[in-house]
1. For residues that are polar (S, T, N, Q) and open to solvent by 20 Å² or more (accessible area, probe 1.4 Å), tally how many sit in segment 502-523.
2. Looking at segment 299-314, which of the residues that are among the aliphatic types (A, V, I, L, M) and farther than 11 Å from Thr341 by Cβ is farthest from the chain's Cα centre (by Cα)?
3. Kindly provide the set of residues from segment 362-377 that are crowded, with 20+ Cβ neighbours inside 10 Å and more than 22 Å from Leu514 (Cα to Cα), ordered by number.
4. Within segment 244-262, can you find the residues that are hydrophobic (A, V, I, L, M, F, W, C) and under 20 Å from Thr201 (Cβ atoms)?
5. Looking at Leu136, Leu123, Leu153, Leu103, which is the one that is part of a loop (DSSP other than H, G, I, E, B), open to solvent by less than 40 Å² (accessible area, probe 1.4 Å) and at pLDDT 90 or above?
6. Filter segment 244-284 down to residues that are of a type in the set (D, E, K, R) and either in a helix (DSSP H, G or I) or surrounded by 19 or more Cβ atoms within 10 Å (Cβ to Cβ) (or both), then give me how many there are.
7. Exactly one of these conditions fails for Ile592: (1) at pLDDT below 80; (2) surrounded by 18 or more Cβ atoms within 10 Å (Cβ to Cβ); (3) touching a strand residue (DSSP E or B) at 6+ places or on another chain (Cβ under 9 Å). Give me its number.
Amino acid sequence: MRAGRLAATLCGAVLFGSVIAPGLAVLAVPPAGDVLLSDVGSGFTVVGEKPGSLDSLTRSFANEHARLDLQGFAITDPPGVRSLFQVFFADNPDFTVSAEPSLELASWFVPTGMTLGDGFASLIFAARDHIFIFTLTTDGASNLDPVSFVLDLAGRQIAAAGGPPAPATVRGSEQTEADKAVVAMLPTDAPAGYGLTTSATVTGIDELRGTTDVQKEVVDFLHQHASSAARIWSDDTGQLRGAVSVTRYPYDIFAAASLNAAAHPKNADVTSTDALRDVPDVVAYTGRGEAADQIGTAFRRGDVSVLVLVSHADGVPAERAAALAADLTRLTASGLPSGGTGAYEFPSARSKLFGLALSAALVTAAAGGSMAIARLRARRVRRGWAGGALPPPVPLDGRVSPGTAISLDHDATRLRHHGAVVTGGQMATVNVCIVALAGDFAWRGAAVAALALVAGLLLTHWWQRRELNLLGATAPPRQFVFPRPAGMLVGLLSLVLLGLGVGFAVKGLRYLVLPPTLAQLKWSDLLGIAPRTVGIVFGIGGFLVAVVGGGLFRIARALSRSGTKRVLAVDHRKAALYLRSFEDDSLPLPTIASARRPLLELFSLRGTDPFEESVAWELNSYGPVVAVGRPGRSLATLGAAREHLSDETWREQVAS
């Protein structure tokens with residue numbers, strides 16, 4: 001029957017639209033068989049069921065004077081039922097289309113020369129996530145009214161399938177213009193010689209498959225930023241159908257990933273591309289199983305991904321279908337802009353927990369590497385001293401100084417062993433802080449990072465007092481000296497730069513290793529660069545910012561220190577006066593693992609400390625250390641508190 005053949009053609013169009021738009025379903029769509037009516041009443045009994053591609057199903061019923069065919073198709077979003085419903089409005093001289101006003105999306109299809117309701121009714125309608133075709137044919141002895149009977153069944157079917165279609169989404173003019181630009185990339189006419197007479201165009205589809213391991217949020221982002229369109233052709237019999245789908249992604253990487261997904265199909269076999277050597281990196285495949293009647297190709301140009309698919313019935317040779325697929329591929333490729341053609345495979349999916357563990361590993365590696373470099377630099381200084389005995393007391397004006405030289409090697413070794421403990425604690429707190437900042441946890445991450453920072457600072461301060469007690473006298477608790485405003489401001493700035501720098505450096509490394517996240521795509525969209533480039537920029541930029549923050553933190557510590565008058569006014573212990581040659585200020589001493597190095601200098605590459613700082617650290621447990629400032633130098637220092645004195649009076653003031 002001609003009407004049955006037209007229904008099969010329309011059925012194939014829906015199937016074909018679903019095939020070319022596999023999309024990334026945000027929500028799972030029930031297979032058509034789970035919602036298709038099984039009891040239609042009026043004496044009908046089931047006489048057959050035939051499953052189709054993409055979980056579609058045709059269920060046939062019959063009674064003494066009528067036959068009823070129910071066909072259902074599950075539709076993902078994108079493209080959604082509203083977009084795919086467009087394929088039924090192509091011009092075709094073999095039938096007319098009449099909208100059914102009582103339903104949201106429904107149309108009657110009437111073959112040319114027939115009258116709707118005169119022993120025949122075929123209704124195509126949409127539910128929330130399904131499209132159905134109900135076709136009823138009766139003989140003259142049937143007492144059924146085809147139109148009212150099919151319309152009643154359609155209402156029952158829509159209720160069983162979850163209700164009517166969701167309201168249409170109003171898209172802005174920018175997206176509409178983007179759709180038009182993609183539609184313009186589609187071939188206007190099908191290749192000649194294949195008898196393809198009818199066509200339809202649908203927009204709003206996406207091709208990046210769920211097997212590419214991107215996150216659901218990334219899918220939503222792509223749905224908002226990608227523009228897609230497909231054009232479908234069919235011959236008069238519906239035995240040969242061809243289609244071209246074009247998707248423009250926001251970045252090349254997703255078009256390349258789409259090509260990689262096409263190169264690893266689940267229900268098809270990749271075949272030779274010898275006939276398409278003029279199309280670079282094209283992938284050709286032939287379906288198997290339920291998709292055995294499908295032959296297709298896939299390729300890309302820059303950020304544009306193309307999928308060509310041909311479906312043929314048993315009466316059409318596979319060679320003819322393959323030739324049509326090749327001709328459609330060349331025709332489409334000739335109208336596309338230039339660009340990259342290779343495929344890209346996203347790294348395998350990793351859980352967020354794994355991503356955080358990777359962040360912690362990167363932080364630990366960075367801290368460990370920094371300490372290793374610092375230790376090597378310190379060892380080089382020690383080796384420069386190797387073989388030299390401790391110098392004897394130096395005579396002063398012919399007199400032997402009352403002091404004696406004391407080796408501190410034993411104390412240094414002991415402090416190094418104790419320093420490993422505080423280093424481990426510092427690394428743990430820094431890991432928590434950085435992972436919280438790099439894990440895209442919004443304000444919760446910032447709160448956890450702040451708590452971890454406070455915990456690390458308290459641990460370091462407590463361990464500093466332990467180390468001072470190991471060195472000598474037990475120092476009384478120090479009274480708090482309010483830091484200088486300049487030091488406070490620079491310190492706050494350094495904390496911000498350190499946190500952002502290390503956090504973004506780790507985030508950048510994760511962006512280079514792990515599949516793209518929604519946050520990465522938003523940064524990419526904001527900066528106008530590719531997602532992988534975001535990782536490079538964050539990694540390098542974050543490292544440079546962290547280096548600047550570390551340097552500023554040391555400057556802030558120096559600027560925060562008070563001069564001799566304020567120190568002596570607060571600390572009433574006997575002061576230690578540090579007299580030295582100004583040339584000794586640059587004398588380096590190798591550093592050790594110690595709480596002397598604050599938490600925020602954990603990533604410092606310094607292997608030495610100035611001699612004065614080491615002396616002041618040791619003597620601070622006995623009393624405040626004061627010194628004369630070098631003329632022309634700032635008061636900022638991490639050693640002794642100092643005062644600048646004039647050349648005329650410095651001797652008297654030192655003596656006093």
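The values are calculated or read from the model by the stated rules, or taken from the named source; none is laboratory data. Keep in mind it's a predicted model, so treat the numbers as computed, not measured. All Cβ positions, even for glycine, are placed from backbone atoms using ideal geometry, and neighbour counts span all protein chains on display. For accessibility, only protein heavy atoms count, side chains too; no ligands or nucleic acids. Shrake-Rupley method; radii C 1.70, N 1.55, O 1.52, S 1.80 Å.
1. Counting residues in segment 502-523 that are polar (S, T, N, Q) and open to solvent by 20 Å² or more (accessible area, probe 1.4 Å) gives 1.
2. Ala313
3. Met371, Ala374
4. Passing the criteria: Val244, Val246.
5. Being part of a loop (DSSP other than H, G, I, E, B), open to solvent by less than 40 Å² (accessible area, probe 1.4 Å) and at pLDDT 90 or above holds for just one of Leu136, Leu123, Leu153, Leu103, which is Leu103.
6. Number of matching residues: 3.
7. (3)
Residue-wise test of (1) open to solvent by 40 Å² or more (accessible area, probe 1.4 Å); (2) assigned to a helix (DSSP H, G or I); (3) at pLDDT 80 or above; (4) over 30 Å from Tyr249 (Cα atoms).
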residue: Asp525; (1), (2), (3), (4): yes, yes, no, no
residue: Val548; (1), (2), (3), (4): yes, yes, yes, yes
residue: Arg554; (1), (2), (3), (4): yes, yes, no, yes
residue: Leu559; (1), (2), (3), (4): yes, yes, no, yes
residue: Asp585; (1), (2), (3), (4): no, yes, no, yes
